[in-house]
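Values in this text are rule-based calculations from the coordinates and carry no lab data. The shown structure was predicted, so the numbers you read here are calculated from the model rather than taken from an experiment. We place every Cβ from the backbone using ideal geometry, glycine too, and count neighbours over all the protein chains shown.
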């Protein structure tokens, strides 16, 4: 019991430290001398707005970047139908009559 309490307290302490981490992007320079912005989640983008737009358009052509929008439902692990907001089946709930 005491070990479980210590484990829970240790987990809460590390979670509070992680919540206070600095999450602002860092500006860096590539080997080619182009300025980029590095984000804590691993993403990056060009600082120059025109170059950033061109890079986003180029990245949008790749199928691995064409994922389901955040507001959509369904499509578990890339399998099945993705239901967009505004569709008649969006957020319809369970089809089980016992739950209505």
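A compact table of results
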| quantity | calculated |
| --- | --- |
| Gain upon complete extension [residue 90, residue 1; 0.36 nm per residue less C-alpha separation] | 27.5 nm |
| Rounded D (µm²/s) - segment 22-61, Kirkwood Rh over Cα pairs, Stokes-Einstein at 25 °C, 0.890 mPa s | 229 |
| Under the Debye formula (equal points on every Cα, no solvent term), log10 I(q)/I(0) of the chain at q = 0.11 Å⁻¹ | -0.74 |
| Most mobile listed residue (31, 53, 67) in the chain, GNM with C-alpha springs under 10 Å | 31 |
| Expected 222 nm ellipticity per residue - DSSP helices of 4 or more, -39500 (n - 2.57), all of the chain, to 500 | -10000 deg cm²/dmol |
| Residue exposure sequence - 39, 77 - by fewest surrounding Cβ within 10 Å | 77, 39 |
